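So the structure is just underneath, and the comments pick up after that.
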There are 2 protein chains.
Amino acid sequence: MEIRIAQETFSALLGRAQSVIERKSTRAILENILLEAYDGSIRISATDLRIALTQETPCLVGTPGAVAVSARKLHEVVRELPKAEVSVEVKENQWVTVRCGKITFHLPGMPAEDYPSMPPLPDTFLSFPSIVFRRMIEKTLFAASNDESRIFLTGVFLKEWVDEKNEAFLRMVSTDGHRLAMVDRPLPVTPGVFQVGVIIPKKGLGEFRTLLEPLDGDFELAASEGRLYARVANTCLSVTLIDSSFPNYEQVIPSEVKTWVRINRVSLLNALRRVSLLSDEETRTVVMEATEDSVVLTSDNPRFGDAREELEVEYRQSPVRIAFNAGYFLEILRVMDGEDISLGITDGLAPCVVRDAQDARYLSVIMPMRIE
Amino acid sequence: MEIRIAQETFSALLGRAQSVIERKSTRAILENILLEAYDGSIRISATDLRIALTQETPCLVGTPGAVAVSARKLHEVVRELPKAEVSVEVKENQWVTVRCGKITFHLPGMPAEDYPSMPPLPDTFLSFPSIVFRRMIEKTLFAASNDESRIFLTGVFLKEWVDEKNEAFLRMVSTDGHRLAMVDRPLPVTPGVFQVGVIIPKKGLGEFRTLLEPLDGDFELAASEGRLYARVANTCLSVTLIDSSFPNYEQVIPSEVKTWVRINRVSLLNALRRVSLLSDEETRTVVMEATEDSVVLTSDNPRFGDAREELEVEYRQSPVRIAFNAGYFLEILRVMDGEDISLGITDGLAPCVVRDAQDARYLSVIMPMRIE
């Protein structure tokens, strides 16, 4: 194998692959990336066996060929090279020579045949706006669980559905048992592949987010044989789905609440951040009390003191007192976009609904904490 | 005690005090700062018993008084408040009430009398340019040792001296036994207090650097009763000096070297950074070989491969081969300012001198590593 490629291009592709690769793997080959040169292109593949990323770019190919080489070291080396043409050559025993001007590196490679095979591409993809999908991820990913003993909660549920007006939506839902986040966005067509719904693991969905981060237009989405795929330009990312069924989340969402309170989102966010400074470090309990024309937040830490903040709101119902984990509340407020939120409360024990007042298709449910 | 102060002013002063305070102290009072209100000013003092920082600023004083309160919590609270007037009031049992609009915090305080007394100010100070002193710190601090068993090497030696032309200089020297850094800068007068020389501990000197960071003009420097003081506007910082004598560093600096090689500093810095990527992780050994018209850097890592880079230089002597810890070399090159450096080499075993070609008053010595 022998290629020539611009340092900046090569470095960017190698950089992008790093987060997929495990830093310390029990199998040495998994600390590597796969380089394949053919027909005027280089293909760079990275996998941790669950997540797989393939990137292709045109370059000068002197001799086609392939090699596996340390993902981290190759990136460290290429990143530090001057902005000039870099040559990569594979010699006997898989030694990889990286050259740029009067700079030469030799890195020990491994046979390309030892690299895990990358998943085959599905036949059909669905076009979807990158920014919309990325924001859907950001609005749900934080509420997925880290508890590996309930594996079905450690991902985000993705499903298509059609409402009574026959409009199609793509839905993402996540919950860790303490809170739930759910977002719907219109689908141009009903693809069918997400009728049953799939659970995308957290790390993999994070990679989707990163892939879509710099993009404006549409990307291509597919599900096939237990994997979810995203394709954009010459890059393809796929993740193994969680092989389990998602719980009946709809029963967690209260169909009715006693009262809605509308509050300025940023004011509530700032107040919660302040008051939570003196909440219990473990539980992060903040008590919210809605009384006539005001919402009062309080906290109490046996060691560091107590805090109180009052927000002016329109509220005409009988007083309600409810306690939350401030961290859960803050995470939801941070990913909402609207100026105001609507807080649906019933009493101190019933689940509380948080809606973005400017986005009817996003909601969150937070379970209150029991207080005396 | 009762004061009113602008949030931004208060937050900045509290923020500045954080690095002095120990996060976890065996004595609870040392996690606190001391607030003292008197005559239209607030004085904020912080100490870890070795480093002491006192800041004063005018504010509205309703009732004079003093209290000690958690440095970290008070800062967290004040930092999150809106940009408005903040009131601080001390009530019975040292409870501190911080109020801003409809926001109220109560923090448990401790009696001001329990706070360690701050060191008294010396009578005379020496004026010295802030930027010059800060750069002197940056040019030496990295070479001081972390080895607590040789306490006299864990600080930077500060001394005044007069040359044969009767010009006075302030000198900083540091060494950890493997490398040495020494900088001289002209003194307007000969203060006398640094005739013997003092050893400033690393952490304390880092605080001096931070204090001087944003400043342009002169600051005031003093040494008295085992402490070094820096005063600027309404802030005074002092540190306990290391009570030991500094070794005879002058004998480490070669009076003569066999040959000088002039190299572009940034080119050498970049080359070393690259080649060191494949050096042994532990020793970071990079071999430098000066041959006719070139300097070649090489490294070899049993696991990750090898690297080689050639730099063009003017060199007319017989070839020399010398091995270094790349990390030591990189640290020195980073704090030099000139376009070129001069490398004074004798052979593979003798100490190597690194000079900033544009600054005759800064030099570094690096001990080579033995190679076969």
Looking only at the stretch A:1-50, how many residues end up being part of a loop (DSSP other than H, G, I, E, B), β-branched (Val, Ile, Thr) and touching a strand residue (DSSP E or B) at 6+ places or on another chain (Cβ under 9 Å)? 2
Among (1) modelled with pLDDT under 95; (2) more than 14 Å from chain A (Cβ to nearest Cβ), there is one condition B:VAL313 misses while meeting the rest; what is its number? (2)
Being more than 14 Å from every other protein chain (Cβ to nearest Cβ) and modelled with pLDDT under 95 is true for just one of B:THR259, B:THR240. Which residue is that? B:THR259
When B:PHE304 is run through (1) crowded, with 18+ Cβ neighbours inside 10 Å; (2) closer than 20 Å to B:ILE341 by Cβ; (3) modelled with pLDDT under 95; (4) not β-branched (Val, Ile, Thr), the failure sits at (2)
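Matching residues to (1) polar (S, T, N, Q); (2) more than 14 Å from chain A (Cβ to nearest Cβ); (3) on the phi < 0 side of the Ramachandran plot; (4) touching a Ser or Thr at 6+ places or on another chain (Cβ under 9 Å):
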{"residue": "B:ALA66", "(1), (2), (3), (4)": "no, yes, yes, no"}
{"residue": "B:VAL69", "(1), (2), (3), (4)": "no, no, yes, no"}
{"residue": "B:LYS73", "(1), (2), (3), (4)": "no, no, yes, no"}
{"residue": "B:ARG79", "(1), (2), (3), (4)": "no, no, yes, yes"}
{"residue": "B:GLU92", "(1), (2), (3), (4)": "no, yes, yes, no"}
{"residue": "B:CYS100", "(1), (2), (3), (4)": "no, no, yes, yes"}
{"residue": "B:ILE103", "(1), (2), (3), (4)": "no, no, yes, no"}
{"residue": "B:GLU113", "(1), (2), (3), (4)": "no, yes, yes, no"}
{"residue": "B:PHE125", "(1), (2), (3), (4)": "no, yes, yes, no"}
When A:ASP300 is evaluated against the numbered criteria (1) away from chain B (no Cβ under 14 Å); (2) in a strand (DSSP E or B); (3) closer than 19 Å to B:GLU76 by Cβ; (4) of a type outside the set (Val, Ile, Thr), which criterion, by number, is the only one it fails? (1)
Candidate set: the stretch A:20-58, residues that are polar (S, T, N, Q) and at pLDDT below 95; chosen: the one surrounded by the fewest Cβ atoms within 10 Å (Cβ to Cβ): A:THR26
Could you tell me how many of the residues in the stretch B:59-102 are among the aliphatic types (A, V, I, L, M), outside any strand (DSSP E or B) and surrounded by 17 or more Cβ atoms within 10 Å (Cβ to Cβ)? 5
What number of residues within the stretch A:307-334 are assigned to a strand (DSSP E or B), surrounded by fewer than 17 Cβ atoms within 10 Å (Cβ to Cβ) and in contact (Cβ under 8 Å) with a residue 24 or more places away in the chain? 1
Flagged in the stretch A:141-158 as surrounded by 14 or more Cβ atoms within 10 Å (Cβ to Cβ), farther than 11 Å from A:ALA181 by Cβ and of a type outside the set (A, V, I, L, M), in numbering order, are A:SER145, A:PHE152, A:THR154, A:GLY155
Kindly establish whether B:GLU92 is among the acidic types (Asp, Glu) and in contact (Cβ under 8 Å) with a residue 40 or more places away in the chain. no
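The values are calculated or read from the model by the stated rules, or taken from the named source; none is laboratory data. Worth saying up front: this structure is predicted, and the values here are computed from it rather than measured. Cβ atoms come from the backbone with ideal geometry, glycine included; neighbour counts cover every protein chain shown.
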